[in-house]
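A.B. asks: Can you read through this structure? Questions will come right after.
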Amino acid sequence: MTHKRRTPHDTVIVSGGFDPVHIGHIRLIREASQYGDVIVVANSDEWLYRKKGFNFMPFKHRAEILAAIKGVKFVSSVNDADGSVCEAIRRIKPTYFANGGDRNDRNTPEKELCEDLGIEMLWGVGGEERIATSSALVERVRTTPKTNTEPFRYVAPHSER
């Protein structure tokens, strides 16, 4: 994707459970910010429970973490009782709807609404491959045996925000 902002008013919705947030989410948000102000639509705790049978972090905590990521203009909740974020798309009317590497035109229920509203779909944002899943991270924590091994310490540069 080489297209960048057309106007200073362009907005981009990214959506998901973000439970927990992982590197794939960060890459999605950071690349989406090249197209406009990023609005993160985080699915509800109820949606997570329907999808995975649990939620790792409540919406309020996920929203606070997401809002702290560079490039995020704001975080919105959504009425996702229908399994989609169509309600938020209708309400916000972004310029773009960005999707990560695991999404395509066959598994994105918001595609038809975006076409009807003239919202451009962005695919493979943050990378074409699925790097991690929140469910897999939670499962790894659940099943990893406890050890007395010192954890690897990585010192990351501070955020530019």
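A.B. asks: Given a Förster radius of 30 Å and the C-beta distance between PHE54 and ASP105 as r, what FRET efficiency does 1/(1 + (r/R0)^6) yield to the nearest 0.05?
C.D. replies: 0.50
A.B. asks: Hey, which lysines would be in cross-link range of LYS146, C-alpha to C-alpha under 29 Å, not counting anything within fewer than 8 residues on its own chain?
C.D. replies: Hits, sequence-local ones excluded: LYS51, LYS52.
A.B. asks: For the chain, modelled as a Gaussian network with Cα springs under 10 Å, which listed residue fluctuates most, GLY83, GLY53, GLY126?
C.D. replies: Answer for the Gaussian network model of the chain: GLY53.
A.B. asks: Return the lysines within reach of LYS60: Cα separation strictly under 17 angstrom, same-chain partners fewer than 8 residues apart disregarded; answer none if there are no such residues.
C.D. replies: Answer for LYS60, where 17 Å is the Cα cut-off: LYS73, listed by chain and number.
A.B. asks: Mean-square fluctuation check for the chain, GNM, Cα pairs under 10 Å: which of ARG91, ARG30, ARG106 is largest?
C.D. replies: It is ARG106.
A.B. asks: Remind me, relative contact order of the chain in percent, using alpha carbon pairs under 8 angstrom and six or more residues apart?
C.D. replies: 26 percent
A.B. asks: Run the quick spin-label model on LYS70 and HIS22: label points 7 Å from Cα toward the beta carbon, then report their separation in nm to one decimal.
C.D. replies: Going by the 7 Å Cα→Cβ label model, 2.3 nm.
A.B. asks: While we're on this one: For the chain, compute Rg over Rh where Rg is the Cα radius of gyration and Rh is the Kirkwood radius from the inverse mean 1/r over Cα pairs.
C.D. replies: Answer for the chain: 0.98.
A.B. asks: When the helices in the chain are scored as -39500 (n - 2.57) per DSSP H run of 4 or longer and the sum is shared across all residues, what 222 nm value do you end up with, to the nearest 500 deg cm²/dmol?
C.D. replies: Result for the chain, helices only: -8500 deg cm²/dmol.
A.B. asks: A follow-up question, please. Test of understanding: in a Gaussian network model of the chain with alpha carbons linked when under 10 Å, which of THR11, THR108, THR143 would top the mean-square fluctuation ranking?
C.D. replies: So, out of THR11, THR108, THR143, the one fluctuating most is THR143.
Each reported figure results from applying straightforward, stated rules to the coordinates on display, with no laboratory input. All values reported here derive from a predicted model rather than from experimental measurement. Glycine gets a Cβ as well: all are built from the backbone with ideal geometry, and neighbour counts include every protein chain shown.
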